[in-house]
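The values are calculated or read from the model by the stated rules, or taken from the named source; none is laboratory data. Note that the coordinates shown come from a computational prediction; the quantities given were computed from them, not determined experimentally. Every residue, glycine as well, gets a Cβ built from its backbone with ideal geometry; the counts of neighbours run over all protein chains shown.
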Amino acid sequence: MASVEINGKVYGLRFDLYAMEQIEEEFGSIQETLKAIQTGKQFKVLRALFRIMANSYLSAQGEKESVTGDEMKHCGLGDIKPISESIQNAIIDASTAETMNGNVADNQVHDMYLEEIERKNG
């Protein structure tokens, strides 16, 4: 799991279809996101990607989406590189995870959904 620590709190980051949909809603497309980075809006994009991926992680855990992006409001320039690297790691994790039945990634997702159903019905 990709994660990043900001102001003493650790945030899990997840890049999945839900996150991609949120990115499209915010920027129009992945290509538009990259274009925004290239045209000087990299901090706005970084903050949005952090918020989206942290909320995607929370959602996958069955928790309330509560990350607003304000968590990065007072980060220093030295914090930018670890946050960027964690976002990249989340994307790499998603692109390299196996998706065949019976693997660790599928089992974790399956178990999370079962736990969420049990919590709702229990």
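For region 70-88, filtering for residues that are surrounded by 10 or more Cβ atoms within 10 Å (Cβ to Cβ) and either touching a helix residue (DSSP H, G or I) at 6+ places or on another chain (Cβ under 7 Å) or not polar (S, T, N, Q) (or both) leaves 11.
Counting residues in region 35-46 that are out of contact with any helix residue (DSSP H, G or I) (no Cβ under 8 Å at 6 or more places or on another chain), at pLDDT 90 or above and of a type in the set (Gly, Ala, Ser) gives zero.
Restricting attention to region 71-122 and to residues that are of a type in the set (Lys, Arg) and more than 22 Å from LEU17 (Cβ to Cβ), the residue that is modelled with the lowest pLDDT turns out to be ARG119.
Every condition in (1) crowded, with 17+ Cβ neighbours inside 10 Å; (2) over 13 Å from ILE87 (Cα atoms); (3) not acidic (Asp, Glu) is met by ILE52 except one, and the failing one is (2).
Scanning region 65-89 for residues that are over 11 Å from LEU46 (Cβ atoms), among the aliphatic types (A, V, I, L, M) and assigned to a helix (DSSP H, G or I) turns up just one, LEU77. Of all residues in region 1-49, those that are free of Cβ contacts under 8 Å to residues at least 60 places away in the same chain, among the small types (Gly, Ala, Ser), within 20 Å of ILE80 (Cβ to Cβ) and outside any helix (DSSP H, G or I) total 3.
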